[in-house]
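The structure is given below, and queries will be raised subsequently.
The values are calculated or read from the model by the stated rules, or taken from the named source; none is laboratory data. In this text the structure is predicted, and so the values were computed from the model without any measurement. Here the Cβ is made from the backbone with ideal geometry for all residues, glycine too, and neighbour counts use every protein chain on show. For the accessible areas, the whole protein counts, side chains as well, though only heavy atoms, and no ligand, DNA or RNA atoms are used. Shrake-Rupley method; radii C 1.70, N 1.55, O 1.52, S 1.80 Å.
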Amino acid sequence: MHVLVDAVVLLGTAVLGAALARRLGVLAPILLIVLGLALSFVPGFPDVRLDPELVLVGILPPLLYVAALETSVPAFRYNLRPILLLAIGLVVATAFTVGFVLHALLPDVPFAACVALGAVVAPPDAVAATAVARRIGLPRRIVTILEGESLINDASALVLLRVSIAAMAGTAVTVGEIAVEVARDAGGGVLIGAVAAVLIGRVHRAIKDPLLDNALSLLTPLGVALIAELLHASGIVAVVVAGLALGHKLPVLLSAASRLQMHAFWRLVNFLLEGLVFLLVGLQLREIVRDIDTAPVTATVVTGAVLAAVLAIRFVWVYPATYVARLVPRIRRRDPRPPAKVPTLIGWAGMRGVVTLAAALALPMSLAGGAPYPRGLFIWIAFTVIVVTVVLQGASLPVVARRLRLEPDDPTQDALVEAEVQNHAGRAARERLDARADGAPAGVVERLRGLVDERTNTAWERIGGGDRETPSAAYRRLRQEMIAAERDVFRTARDEGRIPEEVLARTLRDLDLEESLLRERTP
C-alpha cells in the first residue's frame, strides 16, 4: 500500500508540475527538475532512489520507442551523416575530453574511471531533446538531427561505459575486445530490432482489435529491450531500430481505429513518463549530496571543470563536423553549406537527462581489488551536468533561437506541397469511386465526390492565408456550433429518460470523433 501511495503522489506531482509549466509558459522539464530539487528536502515526501536497471530497461525503452515511431525514416536517412557524427563521434570525444580533464585534476583516480564518467555525461538525452526542441518550434531539420542524435548516442555511451568499467575492474581491454563489444552491442541490437519489427509487424497485420494493437504496442519496447539485454546486445539500439521500422510501416500495418487510439495512448504514456522522469531526477539531490565524500572546494572546482569541458567540447566538435565534410564536392552538392547559426544552435542544444543519472548510479562501488575512488563525487558531477544543461540550456534555447533568427519551416511551402499531393490523392479517390460505384445510389456517389472536392479545396485554401475567414474555416466554426446543439439535445433526452445511456454513449462518440477531426484541421 505504501508503494502505491508513493506512486500516486509522484504521478500526481508530475501532472501538477506539467500543468503549472503550461500555465506559466515554462518548459515542463525545467520546472519539474526544479520542483524535484525543492521537494527532495521536504520531510515526508516520497524518498525514491532511482534503480539504473529500471530506468534503462523499464522507463527509457517506451520513451525511445514513441520518439522513434514519430521520426521520419527518410529524414533520418538523409541526415544520417550529422546524426552519426554527433551520436558516436561527439560521445567518444566528450568521454575522453572529460577523462583527461578529470584525471589532470584528480591524478590519483585511474584514467579508466575518469573516462567512465566522461561516458556517463556524454550523451544528450532523448527525452530532453524531444521535450524542448519540438515545443519551441525549431526548424524541422534541426529537430531531426537532435532527435536522431539522442536516439543513438545512449547506446554508444553505454558501450563505452561498459568498456571503461571493465578497465576499472582491472581487466585488460584491447582494441579487438572493444571492437567485439561494439559489434555485439550495436550489431546485435540492430539485428534484434529488425527481426522484432518484422515479427511484430506481421502480428499487427493480423490483429483487427484496436485494444490488442495498443497492448502489443506497449509490450513491444519492453519486450524488445529485455530480449536484447538477455542476449547481451544493446536494448536501446534494438528498441530504436524496431520503432523506426514499425513507425515507417504503421499506415499499412494498423487500421484507422488502431492508429487513432495508439496515437492518443502514446501521447498519454509519453506525457506521464516524461514528467515523472524529470521529477525523479530532481528528487535524487538529497541522497546525492549525502554521499559526497570529497572536500567542498575540490568538489566545486572539479565539477565546474567537467561542466565547462562538456559544454565546450560540443561547440569544438560541431563546427568542424558541419563544415569539414562539405569540403568533399559530392557532399556539398547534395547538402549545401548551412549558415553558422545552425551549428551554433545545435551546439547549445545539449541537454542531459535521466540516462546520464542512471549510468552514473551504475558505476561500480570500488576499483580493482576493492580500492576506493570518489564515486559520490562522480554521481554529483553527473547530476550537476543534468541540472545545469536542462535548466540553463533548456531555458535559454528559445532565446538563443530567436537571437540567431533561424528561419522557421515555411508553412506556405508545406501547404503548397500538401495541396499538390491532395490534388493527386483526390484524383485517385475519384477514379476508385468511378470504378466501384456500380449499383450505388446516385446521391451517395455525388456526396462522395463532393467530399473529395471539399478536401482538395481546403488544402488549397491554406496557401492563401490572410485575415478573411475561408469557407473551410467557416464550415468548421459553424459545424462545431451545430455539434454542440446536437449534443445538448441528446443529453437532455437521456436525462428525461427518453433514450437509454447506451444510445447517448454511441451518439456522443460519433459527435466527438467528428468534432476532434474539425479541431485537428484547424490551423
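Which pairs turn up if I take residues in segment 418-445 that are free of Cβ contacts under 8 Å to residues at least 60 places away in the same chain and look for partners that are of a type in the set (S, T, N, Q) and open to solvent by 50 Å² or more (accessible area, probe 1.4 Å) with beta carbon separation below 9 Å, at least 6 apart in sequence or on another chain?
Nothing qualifies.
Just the residues that are of a type outside the set (Ser, Thr, Tyr) and open to solvent by less than 60 Å² (accessible area, probe 1.4 Å), please, taken from segment 205-229.
The first filter runs over segment 205-229 and keeps only residues of a type outside the set (Ser, Thr, Tyr), leaving 205-216, 218-219, 221-229.
Those that are of a type outside the set (Ser, Thr, Tyr) and open to solvent by less than 60 Å² (accessible area, probe 1.4 Å): Ile207, Pro210, Asp213, Asn214, Ala215, Leu216, Pro221, Leu222, Gly223, Val224, Ala225, Ala228.
What number of residues within segment 405-449 satisfy the criterion of being within 30 Å of Ala340 (Cα to Cα), surrounded by fewer than 15 Cβ atoms within 10 Å (Cβ to Cβ) and either modelled with pLDDT of 80 or more or not acidic (Asp, Glu) (or both)?
6
Would you check if there is a residue in segment 362-376 being hydrophobic (A, V, I, L, M, F, W, C), closer than 26 Å to Ala155 by Cβ and free of Cβ contacts under 8 Å to residues at least 12 places away in the same chain?
Within segment 362-376, one or more residues are hydrophobic (A, V, I, L, M, F, W, C), closer than 26 Å to Ala155 by Cβ and free of Cβ contacts under 8 Å to residues at least 12 places away in the same chain.
What residue, of Glu520, Glu515, Glu481, is at pLDDT below 85, within 37 Å of the chain's Cα centre (by Cα), within 26 Å of Ala264 (Cα to Cα) and loosely packed, with under 11 Cβ neighbours inside 10 Å? Quick ask: steps written out before the conclusion?
Values: Glu515 fails: loosely packed, with under 11 Cβ neighbours inside 10 Å; Glu481 fails: at pLDDT below 85.
After applying the criteria, what remains is Glu520.
Follow-up question, since we're still on this one. Residues being open to solvent by 30 Å² or more (accessible area, probe 1.4 Å) and at pLDDT 85 or above: count how many of those fall in segment 381-395. First the steps, then the outcome.
Within segment 381-395, the subset open to solvent by 30 Å² or more (accessible area, probe 1.4 Å) is 388, 391-392, 395.
Right, trim to at pLDDT 85 or above and you get 388, 391-392.
So the answer is 3.
A further question on this structure: Return the total of residues in segment 300-330 being modelled with pLDDT under 90 and surrounded by 14 or more Cβ atoms within 10 Å (Cβ to Cβ).
2
With a cut-off of at least 2 residues that are within 23 Å of the chain's Cα centre (by Cα) and touching a residue at least 40 places away in the same chain (Cβ under 8 Å), name the helices (runs of 4 or more DSSP H) lying wholly within segment 266-349. Working first, answer last.
On the way: elements: 285-291, 296-323, 329-334, 341-348.
It comes to 296-323, 341-348.
Have a look at Arg427, Arg375 and point out the one that is of a type in the set (D, E, K, R) and touching an Asp or Glu at 6+ places or on another chain (Cβ under 9 Å). Walk me through it before giving the result.
Numbers: Arg427 fails: touching an Asp or Glu at 6+ places or on another chain (Cβ under 9 Å).
Only one candidate qualifies: Arg375.
Looking only at residues that are open to solvent by less than 30 Å² (accessible area, probe 1.4 Å) and part of a helix (DSSP H, G or I) in segment 40-57, which one is nearest to Arg286 (Cα to Cα)? Step through it out loud before you land on a result.
Step one: list which residues in segment 40-57 are open to solvent by less than 30 Å² (accessible area, probe 1.4 Å), which gives 40, 46, 50, 52, 55.
Filter once more, keeping what is part of a helix (DSSP H, G or I): 52, 55.
Numbers: Pro52: 17, Val55: 19 Å.
Applying the filter and picking the extreme gives Pro52.
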